[in-house]
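First comes the structure, then the notes that go with it.
The values are calculated or read from the model by the stated rules, or taken from the named source; none is laboratory data. Note that this is a predicted model, so its numbers are computed, not measured. Please note: Cβ atoms are built from the backbone with ideal geometry, for glycine as well, and neighbour counts cover all protein chains shown.
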Amino acid sequence: MKPIEVTDATFEDEILKSDKPALVDFWAVWCGPCKVIAPVVEEIAADYDGKLVVGKLDVDSNQESAIKYGVRSIPTLLVFKGGEVAATIIGAKPKEQIVKEVEAVL
């Protein structure tokens, strides 16, 4: 399972109304560290298929969501549960650290 592309228009339905927790990667094409963690986000999407919704949101095209959730630097990973932010991970962190935050919410 690959991460889904999330936009300002689909954010509420795909993430906030999801019956599963969700991990959203706020990223941009020009962001070096975003490229570093992209494979990790893909691995997590595969590892947690069926248990976790994993989405990627391009902040350049979808500024409304980035502003709403106070994303000031990227990459920022937000974990949502029940429509609320349950964890925030800022920067290119190792997979173990991201998985630890995800596991705490599951």
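In the condition set (1) of a type outside the set (S, T, N, Q); (2) under 20 Å from Gly82 (Cβ atoms); (3) touching a Cys at 6+ places or on another chain (Cβ under 6 Å), Trp27 is compliant with all but (2). Filtering region 25-48 to residues that are part of a helix (DSSP H, G or I), of a type in the set (A, V, I, L, M, F, W, C) and surrounded by 14 or more Cβ atoms within 10 Å (Cβ to Cβ) leaves Cys34, Ile37, Ala38, Val40, Val41, Ile44, Ala45. If I filter region 49-101 down to residues being of a type in the set (Gly, Ala, Ser) and in a strand (DSSP E or B), which single residue comes out as surrounded by the most Cβ atoms within 10 Å (Cβ to Cβ)? So the residue we want is Gly55.
Here region 1-24 is the region considered, the condition is being assigned to a strand (DSSP E or B), under 22 Å from Lys100 (Cβ atoms) and not small (Gly, Ala, Ser), and the residue that is nearest to the chain's Cα centre (by Cα) is Val24.
Just to be sure before I move on: is Asp8 at pLDDT 95 or above and surrounded by fewer than 13 Cβ atoms within 10 Å (Cβ to Cβ) in the structure I sent? For Asp8, the condition - at pLDDT 95 or above and surrounded by fewer than 13 Cβ atoms within 10 Å (Cβ to Cβ) - is not met.
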